[in-house]
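Worksheet for the structure shown next.
The values are calculated or read from the model by the stated rules, or taken from the named source; none is laboratory data. Computed from a prediction, not measured in an experiment: that's the story for all the values here. Reconstructed Cβ throughout: ideal geometry from the backbone, glycine too, with neighbour counts over all protein chains shown. These area figures cover heavy atoms from the full protein model, side chains too; ligands, DNA and RNA do not enter into them. Shrake-Rupley method; radii C 1.70, N 1.55, O 1.52, S 1.80 Å.
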Amino acid sequence: MLLDALGLSPALDVLDVGAGDGRLVRELARRGHAGRAVGVDLTAGPGVQPASAEALPFPDASFDVVLFVRVLAHLPDPARALAEARRVLRPGGQVWDAAHGPVHLRATWAALGQSLAPGDTLPESALTVICPLTVTGDDARFLLGTYGKEAEVSPHLFPVQDAAQLLVWSLAP
């Protein structure tokens, strides 16, 4: 859904910073993307090169698009990562950031008895991408664990029909 919202030309060279398991890079390949699609992450995997967002291993002006999907806020030095993204960006290219919006997994957090903090104010030009999903009790336990929390997850409250919300905006090069 994110790729649909971005409407990237299939000829562009794309860098996915913080690519995780390489899912986005694989999806570009599945769609027949003709340009290069490269993922980098601290942990290498299929289609993902080991690299730090703050020290990208590419020459200047190597990519048409640099993506930060749910990663920029988690980096130790986001300003340095953005400087690196701009360095490897070709003239006229775009840097895109996608972050969780204020209604991300709202039903899941409510079922766990947790409240959500209000979202940050974002540029008016932000796109909203909503991805419907089903969250099981095991998913909820895993989610809590990523926040360093544990809680009893009542089986009668799950599965929950929920939505992943991404707010996506272009960062001026």
Please determine whether any residue of the range 57-73 is part of a helix (DSSP H, G or I), under 15 Å from the mean Cα position of the chain (by Cα), under 21 Å from residue 169 (Cβ atoms) and at pLDDT 95 or above.
no
Check residue 41 against each of (1) surrounded by 16 or more Cβ atoms within 10 Å (Cβ to Cβ); (2) touching an Asp or Glu at 6+ places or on another chain (Cβ under 8 Å); (3) modelled with pLDDT of 95 or more and name the one condition it does not meet.
(2)
All but one of (1) surrounded by fewer than 16 Cβ atoms within 10 Å (Cβ to Cβ); (2) touching a residue at least 24 places away in the same chain (Cβ under 8 Å); (3) part of a loop (DSSP other than H, G, I, E, B); (4) not small (Gly, Ala, Ser) hold for residue 12; state the number of the condition that does not hold.
(1)
Log entry, pairs with first residue in the range 16-27 being over 17 Å from residue 55 (Cα atoms), second being in a loop (DSSP other than H, G, I, E, B) and open to solvent by 30 Å² or more (accessible area, probe 1.4 Å), beta carbons closer than 8 Å, six or more apart or on different chains, reads 21/46; 22/46; 22/47; 25/47; 26/46; 26/47
For the subset of the range 125-144 comprising residues that are of a type in the set (A, V, I, L, M, F, W, C) and under 30 Å from residue 92 (Cβ atoms), which member is surrounded by the most Cβ atoms within 10 Å (Cβ to Cβ)?
129
Within the range 145-172, residues surrounded by 11 or more Cβ atoms within 10 Å (Cβ to Cβ) and assigned to a loop (DSSP other than H, G, I, E, B) come out as 149, 151, 153, 154, 158, 159
